[in-house]
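Peer 1: Sending over a structure as structure tokens; questions will come in a sec.
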Amino acid sequence: MSEFLHHLKPGELPGVIVAALMSVTIIVAIVANQWRKVRVAEQEAALKQTMLERGMSAEEIVRVLTASGRAASPVPPPAFPVKETAEFTG
């Protein structure tokens with residue numbers, strides 16, 4: 001590592017430091033976002049398990065999740081038109 005730093009010209013070191021800090025920041029942001037998604041999924045699974053243990057039906061669980069805004073949103077339409085495909089009869 002020190003060999004790499006010795007080969008840098010005097011004006012290049014700040015650029016290397018900025019690039020390294022930006023890379024670390026982006027990686028931390030991605031990891032934090034994925035960690036949050038996992039935690040939300042765990043909490044939703046625990047809530048659903050609790051509702052099942054209380055004897056709630058699937059329809060009641062869907063109703064509760066929809067009312068609380070926790071239910072998964074419907075699949076959004078594709079960003080581009082979907083072409084019809086032919087059936088393979090080979």
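Peer 1: Residues in segment 42-52: is at least one without any contact (Cβ under 8 Å) to a residue 40 or more places away in the chain, surrounded by fewer than 11 Cβ atoms within 10 Å (Cβ to Cβ), of a type outside the set (Lys, Arg) and outside any helix (DSSP H, G or I)?
Peer 2: So far as segment 42-52 goes, no, none of its residues is without any contact (Cβ under 8 Å) to a residue 40 or more places away in the chain, surrounded by fewer than 11 Cβ atoms within 10 Å (Cβ to Cβ), of a type outside the set (Lys, Arg) and outside any helix (DSSP H, G or I).
Peer 1: State all residues of segment 32-47 that are of a type in the set (A, V, I, L, M) and under 20 Å from Ala58 (Cβ atoms); if no residue qualifies, say none.
Peer 2: The answer is Ala41, Ala45, Ala46, Leu47.
Throughout, read-outs are computed from the coordinates displayed, never taken from laboratory work. From a predicted model like this one, the values you see are computed outputs, not experimental measurements. Using ideal geometry, Cβ is built from the backbone for each residue, glycine included, and neighbour counts are taken over all protein chains shown.
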